[in-house]
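Working notes, beginning with the structure itself.
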Amino acid sequence: MQLGLSSEDLDFQAAARDLIGRTFPESDPFDGGRAHEQRWHAAMAQLGWEINKWPVAFGGPGWSATQHFIWERETTAAGLPAQVGGMGMGMLAPILFAYGAPEQQARFLPDIRANRVRWCQGYSEPEAGSDLAALRTRAALEGDHYVIDGEKIWTSGAHQADWMFCLTRTSQEGKKQEGITFLLIDMRTPGVTVHPIVSIDGRHMFNRVTFEGVRTPAANRVGREGEGWTVAKGLLTHERTGQAYVSLSLSLLARLREAAASVPGANGRSLLDDPGFAGRLSLAAIELEALAMTELRTLSEVAMGEAPGAQSSMLKLKGTEIVQRMTEFFVECAGPYAAPWFPEVFGTPETVGPDWAQPEMVRYLEGRAASIAGGSDEIQRNIIAKHVLRL
């Protein structure tokens, strides 16, 4: 594996920086709003980069693993998403490439590419979170429709989604995994109800979704009936590979060093100069560098047509641990100023302390969910033990 950038890679890096600078100059930074999201999507689309992770056969630009690496680093450093389109773009599209019928690809992929439709993921249930195979949401085939009853929980973005890709139980026979079917459900269908869950960071991102006699056409089944577990595993490897958070952690590390340098420490020196703090931060930086190398190796394997496999669990597990540790360092830096402020809940209080204290405290609270999202840390360790260590 080559660790240096070739001249072609450097040219690509320059092009990426140019696109970012032209689209969002310093006078008008990206704020995460819908208008700015659409502007960024349109700018990428002019170059065919809005589907940068899609294979060439489906219109993707055919980037190398190194180009993906560069793009993620540059966009993260600029506070921009590497892709726009959420779960539809990064999670459902790869499943449709691999398992979708031509008619499904023709129907759903154009809207995903154009960022016209928002998707959410219906996997976890109250009694089937880490043990996903224990799900009980029932789908019964009646004529040319499936009738769905049950509930999903911790469904990110369901209150804003147009469609859901959902795991349902269509049979009780055989192994639990053998009776699961992957369905696409229009969220406007009668019988679908979204119940908000406000998380510890004060925001509404998660939801409980109930289904009462919801009818979805059998044509919206991805793969054959009873093969949903196979489809789901393919989706989860893509999700977990994208949860290494390396670019985010690198960005946090740089900002963390700036913040710690401004915080008074012992003996009139900064916190960054404190041997204990500096030592722990250096250890985290070393682990992050090792994770970055693992991510590069995985990207290289994917570029050669291999599936991420159990390595995706390694990336997800270590990526979660490191990004959470970075947020904990920020809380330590903020000290008494780490008290959370949530204007959408409490109005607009007068904030105190450095400007970075409030958003990083919110990030710390939000980041607790990363230990569960995409499969809990305990599940990732079990996968590694079984498929890597052969235990």
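Its relative contact order, with pairs defined as Cα atoms under 8 Å and 6+ residues apart, puts the chain at 12 percent. Principal-axis analysis of the Cα atoms of the chain puts helix 34-46 at an angle of about 80° to the longest axis.
Taking the accessible area of region 127-183, probe 1.4 Å, and keeping the other protein chains in place, the carbon and sulfur fraction comes to 44%. Classify region 92-242 from the C-alpha gyration tensor, please: rounded if a/c falls under 1.5, else prolate or oblate depending on whether a/b exceeds b/c. Rounded, because the longest to shortest axis ratio a/c is under 1.5.
Give the angle, between 0 and 90 degrees and rounded to the nearest 10, that separates the Cα long axis of helix 102-113 from the longest principal axis of the Cα atoms of the chain. Helix 102-113 sits roughly 30 degrees off the main axis of the chain. Loop-located trypsin sites (Lys or Arg not before Pro) in region 358-391 (DSSP state not H, G, I, E or B) with no more than 11 neighbouring Cβ atoms inside 10 Å: Arg390. In the assembled protein chains, Asp149 presents an accessible area of approximately 70 Å² (probe radius 1.4 Å). Using only the alpha-carbon atoms, how far is helix 228-241 inclined from the longest principal axis of the chain? Give it as 0 to 90 degrees, nearest 10. Helix 228-241 sits at roughly 10 degrees to that axis. For region 1-97, the relative contact order is 26 percent, taking Cα pairs closer than 8 Å that sit 6 or more residues apart in sequence and dividing their mean separation by the residue count. Our summary gives region 127-235 a relative contact order of 31 percent, counting only alpha carbon pairs under 8 angstrom and 6 or more residues apart.
Name the residue, out of Gly353, Gly375, Gly85, whose mean-square fluctuation peaks in a Gaussian network model built on the chain with Cα pairs under 10 Å. Its mean-square fluctuation being the largest, the pick is Gly353.
The GluC sites (Glu not before Pro) found in region 1-106 that occupy coil by DSSP, while having at most 15 further C-beta atoms within 10 Å, are Glu26.
For region 1-111, the square roots of the Cα gyration tensor eigenvalues, ordered a ≥ b ≥ c, give a/c of at least 1.5 with a/b no greater than b/c, which places it in the oblate category.
Once all protein chains are placed together, Glu142 keeps about 90 Å² accessible to a 1.4 angstrom probe. For Ser199, the accessible surface of its heavy atoms amounts to roughly 30 Å² (probe 1.4 Å, protein chains only, rounded to the nearest 10). Note that region 96-169 presents 43 Å² accessible area per residue, ligands and nucleic acids not counted, probe 1.4 Å. Checking (1) 24, 58, 17, 1; (2) 28, 53, 18, 1; (3) 29, 57, 13, 1 against the coordinates, the calculated P(r) over Cα pairs in 20 Å bins from 0, in percent falls under label (1).
The values are calculated or read from the model by the stated rules, or taken from the named source; none is laboratory data. From a predicted model like this one, the values you see are computed outputs, not experimental measurements. Cβ: placed from backbone, ideal geometry, glycine included. Neighbour counts: every protein chain shown. Surface areas here come from the heavy atoms of the whole protein model, side chains and all, with no ligands, DNA or RNA. Shrake-Rupley method; radii C 1.70, N 1.55, O 1.52, S 1.80 Å.
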